[in-house]
Amino acid sequence: MPASPNPPCRHAAALLLLAAAPLAALASCSISSGGAVGAPETKSRLAPPAKAPDADNDDDEDDDDGDALKAAYADMSRTLGTVTNVPVRGRLVRESGPPDLLASTPQKEMSQREIKRVPVEIVVLDNDGKNRLRLGVTQSDSEGYINTSFPLKAGTLEPGLHTLEVRVSGRRAGRTTARLLDTGFTGLVVRSDVDLTYLDTRFTRKRDMLSLLSQSARERSTLPAMERVFSALRAGAAGGEDRALVFISGSPRFFKRVLEARMTLDGVTHDGILLKPFDDMIMAKVMSLDFGSIVPALKEQVGYKLVHLMNGRMELPPQAGELLLGDDSESDFIVYSIYHRFIAGNLDMAGLENELVRAGLDGSQREPVKTIAQKLRSVLPPSKLVKAIYINRTGSPNSHHAVKDWVVPGLTHYHAGAWPLILDLYEEGFVSKESVAAVRKRLLSIGQAEKDLETAHEDGVKSGFLKRETIALFKAGGSAPPAVN
């Protein structure tokens, strides 16, 4: 039987990253995981054939025994692609039955028993649940992850939401969805951070970090009315656009189920949550005896998010616009500023390097960004595709970098909460007047007063991105006419 992951080691790894546990404790673990993936896949292709297992290392064996495959569960993520490219992402694990997402906590998910290096078949189903199209076969990697894309000929699948079934040894292991956009799509895609942009996540103190490990979806808190804002963004100005929404978070992958469940409770429909491969990164550093760089690697956000944004950009139609949402607590405002200026052509490769240095990335952290940036530049001509950058004012801003130093004139909107945000989204023509009313109603229902809303929108006026004429449309007792631009 293949060796299973060592839960105490993975638990120690999580405590290290969330509560600064001693490196010596991590080093003393009996590590059974294999190779590491420190950044998202940068090539849209099928996964390569697995290397032959090392006969002298039991941990390197493939999980091809019957018991493991019968218990295989494909814990998949929703994805966003085009009608000519279908991304597939998830993890193959041993599960005794369908997971109860509402009972899940990050601590429970730390020691998932991955099923390594086994063939996985991906099939598109029709509306009746019958086979429609066999995309092909890929393979789980040394940590059980599946991260690949299937190219298609134009016309094979129509734009829209498609159900994918994941099969192992001919049996269903799980299902997910892929939203496919037409290659000529010119509408908007929303890409957002999670913590302190959508969820009220406090992680400045060690006890707060440890508390996050044991919290279920019901115990996580949403920032006031932000669930209504994301619903408004999906609906669009016309009210039925069903815009694509993808979240990119620096949280560990073992937060996936809790975040998915929280979004379900909030009624936030999304097209993917991209999370950081903490376990993989820790194991890679431990295996190379590079203990001193573990914590910096886990905390680094600029390079990690830029790679995800650029890789995701190549999975979008070339003329799709983007709305970017983040906050001032870590580095979203830096990431979005660099990303926009690079894809718009304001930064060449040398300029990108300079900005990465200014952001504090060392040489090893800059290389993955430069690699994916070079590939992106080769397939996407410079285009001003980012239509707005929204940065939430959290009250606990980044202590090393100021938002004002990374502002993109005309694009960066530095707001305080949901109310000035939804007003400006309406002013820019991104959401409907009904959505603004829904956010206002929600804020008042959870205890905010008219004075609180006034303070928030006045901050938007002083910041220069919100007009008083827009505010006047939604005064108490008033009714709003059609959107103004």
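Could you please find all residues in the stretch 106-138 being modelled with pLDDT of 95 or more, polar (S, T, N, Q) and buried (at least 18 other Cβ atoms within 10 Å of the Cβ)?
Listed by number, the list holds a single entry, Thr138.
Scan Glu427, Glu434 and give me the residue that is surrounded by fewer than 15 Cβ atoms within 10 Å (Cβ to Cβ), modelled with pLDDT of 95 or more and acidic (Asp, Glu).
After ruling out the rest, the residue left standing is Glu434.
Condition first: modelled with pLDDT of 95 or more and of a type in the set (D, E, K, R). Now tell me which residues in the stretch 340-364 satisfy that.
Answer for the stretch 340-364, where residues must be modelled with pLDDT of 95 or more and of a type in the set (D, E, K, R): Arg341, Asp348, Glu353, Glu355, Arg358.
Quick one: in the stretch 177-199, of everything that is in contact with a strand residue (DSSP E or B) (Cβ under 6 Å, 6 or more places away or on another chain) and part of a loop (DSSP other than H, G, I, E, B), which residue is surrounded by the fewest Cβ atoms within 10 Å (Cβ to Cβ)?
So, considering only residues that are in contact with a strand residue (DSSP E or B) (Cβ under 6 Å, 6 or more places away or on another chain) and part of a loop (DSSP other than H, G, I, E, B), the one surrounded by the fewest Cβ atoms within 10 Å (Cβ to Cβ) is Thr183.
Tell me, which residue of the stretch 212-269 that is charged (D, E, K, R) and part of a loop (DSSP other than H, G, I, E, B) is surrounded by the fewest Cβ atoms within 10 Å (Cβ to Cβ)?
Among residues in the stretch 212-269 that are charged (D, E, K, R) and part of a loop (DSSP other than H, G, I, E, B), the one surrounded by the fewest Cβ atoms within 10 Å (Cβ to Cβ) is Asp242.
Which number in (1) among the small types (Gly, Ala, Ser); (2) at pLDDT below 95; (3) surrounded by fewer than 17 Cβ atoms within 10 Å (Cβ to Cβ) marks the one condition that Ser329 misses?
(3)
Does Phe465 fit the bill of being assigned by TED's automatic domain parsing to the domain that holds Tyr414, modelled with pLDDT of 90 or more, assigned to a loop (DSSP other than H, G, I, E, B) and more than 15 Å from Gly239 (Cα to Cα)?
In short, yes.
So which residues in the stretch 213-236 are within 27 Å of Ser445 (Cα to Cα) and either in contact with a Pro (Cβ under 9 Å, 6 or more places away or on another chain) or acidic (Asp, Glu) (or both)?
Gln215, Glu219, Glu227 - these are the residues of the stretch 213-236 that are within 27 Å of Ser445 (Cα to Cα) and either in contact with a Pro (Cβ under 9 Å, 6 or more places away or on another chain) or acidic (Asp, Glu) (or both).
Quick check on the stretch 277-298. Is at least one of its residues buried (at least 21 other Cβ atoms within 10 Å of the Cβ), touching a Pro at 6+ places or on another chain (Cβ under 7 Å), at pLDDT 95 or above and not β-branched (Val, Ile, Thr)?
Looking for residues that are buried (at least 21 other Cβ atoms within 10 Å of the Cβ), touching a Pro at 6+ places or on another chain (Cβ under 7 Å), at pLDDT 95 or above and not β-branched (Val, Ile, Thr), one finds none in the stretch 277-298, hence no.
Any residue at all in the stretch 384-394 that's free of Cβ contacts under 8 Å to residues at least 60 places away in the same chain and part of a helix (DSSP H, G or I)?
no
Could you grab the pairs with beta carbons closer than 6 Å, sequence gap of 6+ or different chains, first residue in the stretch 172-186 and touching a residue at least 60 places away in the same chain (Cβ under 8 Å), second one surrounded by 16 or more Cβ atoms within 10 Å (Cβ to Cβ) and of a type in the set (Lys, Arg)?
From the stretch 172-186, the pairs are Thr176/Arg78; Thr177/Arg78.
Would you confirm whether any residue within the stretch 395-405 is touching a residue at least 40 places away in the same chain (Cβ under 8 Å) and closer than 22 Å to Pro318 by Cα?
The answer is no, given that none of the residues of the stretch 395-405 is touching a residue at least 40 places away in the same chain (Cβ under 8 Å) and closer than 22 Å to Pro318 by Cα.
All but one of (1) without any contact (Cβ under 8 Å) to a residue 12 or more places away in the chain; (2) of a type outside the set (S, T, N, Q); (3) touching a helix residue (DSSP H, G or I) at 6+ places or on another chain (Cβ under 6 Å) hold for Met110; state the number of the condition that does not hold.
(1)
Condition check ((1) more than 30 Å from Ser435 (Cα to Cα); (2) touching a Ser or Thr at 6+ places or on another chain (Cβ under 6 Å); (3) crowded, with 24+ Cβ neighbours inside 10 Å) across all residues:
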| position | (1), (2), (3) |
| --- | --- |
| Tyr336 | no, no, yes |
| Asn354 | yes, no, no |
| Ser364 | yes, no, no |
| Arg377 | yes, no, no |
| Leu385 | no, no, no |
| Pro397 | no, no, no |
| Leu411 | no, no, no |
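Looking only at the stretch 200-211, how many residues end up being surrounded by fewer than 18 Cβ atoms within 10 Å (Cβ to Cβ) and polar (S, T, N, Q)?
Summing the residues that are surrounded by fewer than 18 Cβ atoms within 10 Å (Cβ to Cβ) and polar (S, T, N, Q) in the stretch 200-211 gives 2.
The values are calculated or read from the model by the stated rules, or taken from the named source; none is laboratory data. Because the structure is a prediction, the values reported are computed rather than measured. Cβ atoms come from the backbone with ideal geometry, glycine included; neighbour counts cover every protein chain shown.
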